[in-house]
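What follows is one structure encoded as structure tokens, with my remarks underneath.
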Amino acid sequence: MRDGVYVDGEMVIAPGADAIGTVRHMKDNNVFGIPGSITIDAVSVRAVDGTMIPLQGSISAQGKSNTALAIVVGLVLCPLAIALHGENATIASGTIFTARVVGMQSIYVEP
């Protein structure tokens, strides 16, 4: 969580709060220049009272395709060029994406 979340002036989710995500889809790069891909779903974030708040949101990435290069090199130079791989997909640590709270949640905020 990059920024805190405030409701009626009260902080309910602190900046830097722990969040949980899951990898929904992951595909390795492959021969013939096919790139890898990955999708990560936001699952929940910890509120100031310790409650885990369910989230909805995701981020996806795809590596660079080298299919055209594999075809051209394979046709012109060597059929073994089809063994060229695409690039893997990456999502760097600290990447920011948007997620929304699922439904109404009750959070205890100390006065």
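Before moving on, here are some points about what is shown:
- Cα gyration tensor shape of segment 3-66, rounded if a/c is under 1.5, else prolate or oblate by comparing a/b with b/c: prolate
- Gain in span if fully extended, MET26 to THR98, counting 0.36 nm per residue against the direct Cα distance: 23.9 nm
- Listed values for segment 99-111 are Karplus-derived 3J(HN,Hα) couplings in whole Hz (6.51 cos²θ - 1.76 cosθ + 1.60, θ = phi - 60°), namely 9, 10, 6, 8, x, 7, 10, 9, 10, 8, 10, 5, x, and x replaces Gly and Pro.
Where a number appears in this text, it was derived from the coordinates with a stated rule and is not lab data. None of the values given here were measured: they were computed from a predicted structure.
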